[in-house]
Every structure is written in C-alpha cells, then in structure tokens.
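Q: Shown below is the structure under consideration.
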Amino acid sequence: MNTSSDTGYEQLVERSIARIGRRIVLGLPLGLGKPNRLVNAFYRRACEDPEVRLEIVTALSLDLPEAGHWLEQRLMAPIVERLFGPDYPRLEYLVDLKRRQLPDNIAVTEFYFQSGAALGQPLMQRRYISSNYTHVARDLVDRRINLLLQLVAGPQDGRYSLSCNPDVTLDLRAALTERADWPWMTIGQRHPDLPFMYGDAVVEADFFDQVIDDNPQQPLFGVPRTPVSRQDHAVGIQASRLVADGGTLQIGIGSLSDALVNALILRHQRNSDYRQAVSAIGGAELPLESRAPLDQGLYGASEMFMDGFMHLYRAGILKREVFDDLARQQQANAGKPVDAAGTGAIMDGGFFLGSRDFYRFLRELDDCERPRFRMHGVGRINQLYGGSEALEIAQRRRARFINTCMMVTATGAAVSDGLADHQVVSGVGGQYNFVAMAHAMDDGRSVLMLRSTRTGSDGRTSSNIVWQYPHTTIPRHLRDLVVTEYGIADLRGRTDEECIRALIGITDARFQEELVQRAKQAGKLDKAWQIPDQARHNLPDRLDLALAATADRFPDYPFGSDFTAVEQRLIGALQRLKRRSNSRLGLVGALLKGRPAMFGHELEQLGLRRPQSLRERLYARLVAAMLAEG
C-alpha cells in the first residue's frame, strides 16, 4: 500500500476505524519501532472527534531533548537540528502529555519511561503499568488491544523483519490470535534505514493486515552518547572482573555500561594496563573473578542490543557461538569441534536502540555476519520457559546479567525504577527477569552496578547504599552481586549480617558509620564489629589518584561523542551552573571569578561573546566561571 501524503494516512485511519470501531486500544513498540507520522494521524483523528476513544499503550516514547532555560536552548537548538534534522516528526501525544494538554477522550499508558521523563508529570505517573517485560503482552491483551502499528524492514524473499522490535510484538500477536474474540489488526510500515534482522524477527507477509510502503520520513532516533565520569569508570573496572571468559553477557545502556565495555576491551587488548588499573583502585579479590584476556570470547543474550555489543564485536570479544541444537551446543561447550562452526549465533537480542553509528554498523553487516546477530521476543530472551530450557541454559553458560540500579538497601534489595513517594523514574523493564533467571542457573550470576554516591541539585552528596527504602524493584531474597566504584559485594546465600558487612565495605567512607549504627540498633550487626581499615579509604580523591596513571585509558567519551569539543565543555559548564543555582553565595562567588575574555569560542556559541544586556553580561561571567572549573 502506498500512502504518499497525510491524506493517505487519514484514509488508512478511517478504514481502521471502520474495522475495529471507535474505541481504539493502540499498541506501539518500545523505543525505536514507532511509525511516528502514522501514530500522529490516529492521534489527530481522536483529537478532532471526542466520540473516538483512544488509549495508546507503549513504552519508552522517544522525544527530542527540550531545554529548560534560554541558555540551554541556545546550546541545544543547533545540536538537535544536526543530530535529528530540521523536520523530525515528534510524537504529538507525547508533546501534549508533557504540556498537560491531552484531550479527555485520549489516554496514554506506558510500562517504561525515558529515565526521569515522567517525574512531576501527574498524567504519566497515574497511567504507568508496573509489569515485567515478559508480562507486557499478556497485559496488553487484558486491556483488549485492537490495533498494533510498527516499523519493519524488508521485504526479502517475500518476508519482513520486525528488526528493532520483535520484543513484545511476537508474543503479543500470538496471544491475540489465541485469546482475542474482538476485531483487531496489525499494520507495518517499511523503513528504508532499518536493517533486516534475522532470528524470530523474520515473519511472513501475512503477519500484518497491511504493510505501508511509503517512506516514513523519520530518521532513526540516535541516542546521544553521554560522558563517562571517573566514578563510572571505576564501577566498570570492578564489574569487568566478574565477566567469565567463554561466558554470556547481558548489559543495558548508559554511562555505567559504557564504562564496563571500555574496561572489558582494555582487559582483552591491553591486559597489563587493565591489571594495573584494577590493582590501583583496590577491592577485595573474589574466587569467581578473572583478570585474564577474553580469548574464548563472549556470547550476547540481552533484551537490549546496543552499541556496547558492537564495540565488543569489533574488539574480538563478542565471538562465542551458540547453536539451536542441544547436542551440538554441548559439544561446543566441551571444546570439541562443531560441524557448523562459523555459522552459529553470537548475539541474541529482544530490541535494539543506540547511536547513529550503531544503526550504520547493523546495516553494513555482510550476508554472512548479519544472521549471527539475531532478534527474538522477550519471551525467549528474558526467561527460561517455553520448552527449550536445557538448550537455553547450555547456550547461556557462565552468564553475567549486568544491570544498573539507583540504590541498594543494607540487606541487598535494589531500587531501580521509582522513588519513595511512588514516583516512577523509568520502569521495571526486564531487570527482574534477568535477576530471577540468574538464580535459576547453576553458573549464572546477577550483577547490579551503581555509583556509591549521588550529588543533588543543591550540591549535597548522599549515599546510594541506604539502610532502608520504602520502594524496591528487586527484593532482598534475590540479592546477588552488587558493584560500586569501591569493590564487589557478593550477597548470594549470605546472612543479613554478612550482607551488611559486605555492602559497608563498598560504601563511601563518609556514610559508613551511619549504616553501622543503624544495623547495630536493629540487632543486625554484632556490636563489637568494626569497619575494616581498607574500607575507611573509600573516598573519591583516592580513586582519582589511583586512576591518574592510566587516565588516557578512561576518557570521558571512550567511544566517541556526538558533540564537538566546545559543546562538551559547555554541557559540563551548564550542568555545574545548574547545580550551583541553589546557592546564592556560590553564584556571587562565580560572578566575581568569571573571566569571559578567556572563553571566547565557548561564549560565541551561546551568543554571549558580545552581551547585549545586563542579564547576558551576568551569564557570560557565570558561564566563564563554570568553564574555568572544568
């Protein structure tokens, strides 16, 4: 079908309403796979007609970054246009949702948010579904979904690929076929830049009721790479010790994952430098750790396929093959020759999302490489159910499922998705799935990474290892390995007291005594116990000094940046200024210290090199002061 104009989309909307009715429960893929212009056509139709009841059920609705201050806008506007183009089709429901202008006949329900996007947004908070990733298809059917829209790749040999998003779509369509006793339909739209991915993502043409051939005129959403701090790098180094050669890896996105991947590549390619860094930052040595190069390689089994796996592949690490035959897999695990060697899968994912370079990498894989990077539904990736458990356990041997969290309680429960007042920061996603799966495998382990501290907008530093917290994502009975920049706490099978001692050992020294006192007051810690001397040196300055000798191995952007050098400096300066804004005394000090003449190029980009008002002159001095601190 060709719909080469807005009129074509409108006609498709009318035909869909004629088939499924005026109550539309619209399911959209998580992240990249939303056909934005088609989605907007359904949304506009409901906005125009109050008798159309539209519920959009989705996750991770991606949007262009928006500035909160005129100074940020001056910096961001040219960056956003460069990265996304001048005509990127924003999701109109998301724009109205953020502005609190959603019509009464429209509801938007999500099970996962961009981190922090829903904070302070009542409609988003009220319409959040807390659900494991593997339960989402069931929950969508329970909400009587009757329309599914998705971007696809192909066709090849008459078949299409769900490409970036087989994750829920495969399980959802199967559940609808089995359970739905109401009219429903599926519509795909071909995207010329989506790579044709193999595995279960390949579907027959009749998987969809209609496939739109028209170019969606929607650049693939490239996630900008974020800087990796010295603290992040230290966490990554510590976690990299836990990855078993010849094993399996699951990771997510973000600066901590970038730090882990950077450390793994250093471990494999510059092992002496790696060992030097590990020794320098310290941390108790564990029986299950390894510091040797990854000669056997790793297999990726991750709900999210992202840049990190691309870097591991290019570094010669992502190379362990798996086969969909138990006898052959057992033979490979035993180190014996396999007749299909060179054709096995090295990566199985549920959805992909990443940088523009990552999408280019996928498109440029040759005909022999691409089938080795497979995409499947999360019902297969995120759990060990479905009748192939023995094969999947054999494939996922020595698994390290590595995720991030915001806080950990002293007895090992993890806080990953929400705050004490039930405000949702992101969502559960598949984290619980992978933690539980690790416990179901004899040689699998769950690893939760976090920074030991955080600094708020008021400049105050707090511990991320806390005595207790009203909300948790991972219960303490599933506690396993916890990693901060100060080391690794092995909590599996340990008593509460052993867990508390181990976690204090990787807590920032400034917050250890408070935890000890709370634990002793609760009767969870021997009153005679003392903090080990080594742990009392858990301080940022010691880490900075420890990594100074190998600082060139741990840059702010280990895999390149989407920003110019000037933009990187300005981003850091504005972040520091934002943190300083709550301190009147700090702002006055910055005004006195700022020397605009020293930063002409940076201030030119903000339009402050030749200030036109008193306000601009003041901000020029403030920004100059923050640049000097960087």
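Q: Given labels modelled 7 Å from the Cα in the Cβ direction, how far is it in nm from Glu51 to Ser457?
A: The answer from the label model is 4.5 nm.
Q: Can you give me the accessible area per residue for the chain, using a 1.4 Å probe, in Å²?
A: Details: 26220 Å² over 630 residues.
So the chain comes to 42 Å² accessible per residue, rounded to a whole number.
Q: Is segment 68-196 best put as rounded, prolate or oblate by its Cα gyration tensor, with a ≥ b ≥ c the root eigenvalues, rounded for a/c under 1.5, and otherwise prolate when a/b is larger than b/c, oblate when not?
A: oblate
Q: By how many nm would the segment from Thr495 to Glu10 lengthen if fully extended, with 0.36 nm per residue of separation less the alpha-carbon distance?
A: 168.4 nm
Q: Given Cβ point charges of +1 (Lys, Arg) and -1 (Asp, Glu) and nothing else, what value in debye, to the nearest 20, does the dipole of the chain about its Cα centre take? List each step's numbers first, then the result.
A: Details: 77 positive and 77 negative charges, 425 e Å.
Using only the charged Cβ atoms, the result is roughly 2040 debye.
Q: Next question. Between Gln156 and Tyr557, what FRET efficiency follows from the Cβ-Cβ distance if R0 is 25 Å, with the result rounded to 0.05?
A: For R0 = 25 Å, the calculated efficiency reads 0.10.
Q: Counting only helical runs of four or more DSSP H residues, what would the 222 nm mean residue ellipticity of the chain come to if each run contributes -39,500 (n - 2.57) and the total is spread over all its residues? Kindly include the intermediate steps, with their values, before the conclusion.
A: Numbers: 23 runs with 230 residues, N = 630.
The helix-only estimate for the chain comes to -10500 deg cm²/dmol at 222 nm.
Q: Pulled fully out, how much extra length does the chain show between Arg99 and Gln521, if you take 0.36 nm times their separation in residues and subtract their Cα-Cα distance? Display every interim value, and only then the final one.
A: Working: separation 422, 0.36 × 422 = 151.92 nm, distance 4.71 nm.
Here the segment from Arg99 to Gln521 would lengthen by 147.2 nm.
Q: With a/c under 1.5 counting as rounded, go ahead and sort segment 565-629 into rounded, prolate or oblate using the C-alpha gyration tensor (a ≥ b ≥ c being the square roots of the eigenvalues; past the cut-off, prolate if a/b is larger than b/c, else oblate).
A: Oblate.
Q: In what sequence, largest accessible area first, do Tyr619, Tyr385 appear using a 1.4 Å probe?
A: Highest to lowest solvent-accessible surface, that is Tyr385, Tyr619.
Q: At q = 0.06 Å⁻¹, what is the log10 ratio I(q)/I(0) for the chain, with the Debye formula run over Cα points and no solvent?
A: The Cα Debye sum returns log10 ratios of -0.35.
Q: Something else: Cα extents of segment 51-94 along the three principal axes, largest first, in whole Å?
A: Ordered largest first, segment 51-94 gives principal extents of 41, 21, 21 Å.
Q: I'd like the carbon and sulfur percentage of the solvent accessible area for the chain, probe radius 1.4 Å, heavy atoms only, ligands and nucleic acids excluded.
A: For the chain, the apolar C and S fraction of the accessible surface comes to 47 percent.
Q: Calculate, in nm to one decimal, what Leu618 and Lys578 gain on full extension: separation in residues at 0.36 nm each, minus their alpha carbon distance.
A: 12.9 nm
Q: Now, a different point. Take the alpha carbon atoms of segment 510-540, find their center, do the same for segment 467-509, and report the distance between the two centers in whole angstrom.
A: 13
Q: Now for a different question. So how far apart, in nm, are the two label points at Ala565 and Glu66 if each is 7 Å from Cα heading toward Cβ?
A: With each label placed 7 Å out from Cα toward Cβ, I get 3.5 nm.
Q: I've got another one for you. Quick check: from the Cα gyration tensor, does segment 230-541 come out rounded (a/c under 1.5), prolate or oblate? Mind showing how you got there, number by number?
A: On the way: a/c = 1.80, a/b = 1.72, b/c = 1.05.
In terms of gyration-tensor shape, prolate.
Q: Which of the lysines could be linked to Lys578 by a straight reach, that is with a Cα gap under 21 Å, when you skip same-chain ones fewer than 8 residues away?
A: Counting by Cα, and skipping residues close in sequence, Lys578 has these lysines nearby: Lys593.
The values are calculated or read from the model by the stated rules, or taken from the named source; none is laboratory data. Since this is a predicted model, take the numbers as computed values, not measurements. Backbone-built Cβ (ideal geometry, glycine too); neighbour counts: all protein chains shown. To get the accessible areas, we keep the full protein, side chains included, count just its heavy atoms, and leave off ligands, DNA and RNA. Shrake-Rupley method; radii C 1.70, N 1.55, O 1.52, S 1.80 Å.
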